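Reviewing the structure listed below.
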């Protein structure tokens, strides 16, 4: 639940990181109009960064930018398709021209749809891979070429997923996310010469608005996911954002090429040694404007 002030209005983001940590810096968050991207943008802005929100829908970006400004932060928006190479090149050029040096990139944008492998068309497979892998590569390459390489480095955090044991029902996304984890390692090595750090996060089942995109048929499954997590609950957007912001920060200055799992221990489940039922673990509810997905409301 979001934090509220005595007057009933939302209070500011309750980040665990130092106030002013990113003051004077410029950070890009792709897919910043909803879900985890929206949360990350809010936390970065609350910590002093000027946040550049990107996505395909200007209206969604404007809404989040207005929230950030209402909370006292600084935000700008650029609507374009990260899957289009020419659009990416042009958009990053405009960002650099307007804001100068870019300090961080959060490659959050992506998307997928549930389907068994035998039902996925080539077009559908290509679309998910382009969304979750190729688009992130294009953004990283252009931010590196147009800013990081010229201005003393920077930090990138890529988005992967809990795909360590395969991703049944979403094989196209699992393949793309595994590719992003590997790309993260390559970029971390090659771009270290320019003082660029590249890491990734791998969220598990997170209570985010993206869950509502799967339709009502998935609602029953979504409500059962927590029973397959040792911590007996789903994660919150703020619990992903805090790790992303740390990886962008000077506190992670000696970390590069890694993927941090944020999944409540779900991959550790064992049919041989089932856990006894127990109360859910405590949560970190830092995001004052968090909204529970419709699929989980009433759970």
- Single residue of 200, 155, 140 found to be at pLDDT 95 or above, part of a helix (DSSP H, G or I), crowded, with 19+ Cβ neighbours inside 10 Å and in contact with a strand residue (DSSP E or B) (Cβ under 6 Å, 6 or more places away or on another chain): 140
- Message: I'm trying to understand the selection: among the residues of region 121-133, which are buried (at least 17 other Cβ atoms within 10 Å of the Cβ) and closer than 13 Å to residue 171 by Cβ?
- Response: 125, 128, 129, 132
- Item | Filter result for residue 172 (in a loop (DSSP other than H, G, I, E, B) and over 23 Å from residue 283 (Cα atoms)) | no
- Of the numbered conditions (1) in contact (Cβ under 8 Å) with a residue 40 or more places away in the chain; (2) surrounded by 13 or more Cβ atoms within 10 Å (Cβ to Cβ), residue 60 fails exactly one; give the number of that condition. (1)
- Query: Restricting region 226-240 to residues that are over 20 Å from the mean Cα position of the chain (by Cα) and in a helix (DSSP H, G or I), which is surrounded by the most Cβ atoms within 10 Å (Cβ to Cβ)?
  - Reply: 226
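For region 14-41, what are the residues that are over 12 Å from the mean Cα position of the chain (by Cα) and either farther than 18 Å from residue 250 by Cα or in a helix (DSSP H, G or I) (or both)?
14
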- Message: Of everything in region 251-280, what is assigned to a loop (DSSP other than H, G, I, E, B), surrounded by 13 or more Cβ atoms within 10 Å (Cβ to Cβ) and at pLDDT 90 or above? Give them in sequence order.
- Response: 255, 256, 257, 258, 263, 264, 265
- in contact with a strand residue (DSSP E or B) (Cβ under 7 Å, 6 or more places away or on another chain) and either surrounded by fewer than 21 Cβ atoms within 10 Å (Cβ to Cβ) or closer than 21 Å to residue 290 by Cα (or both): does that describe residue 110? yes
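The values are calculated or read from the model by the stated rules, or taken from the named source; none is laboratory data. Not measured: the values here are computed from a predicted model. Cβ sites come from the backbone with ideal geometry, for glycine too, and all protein chains shown count toward neighbours.
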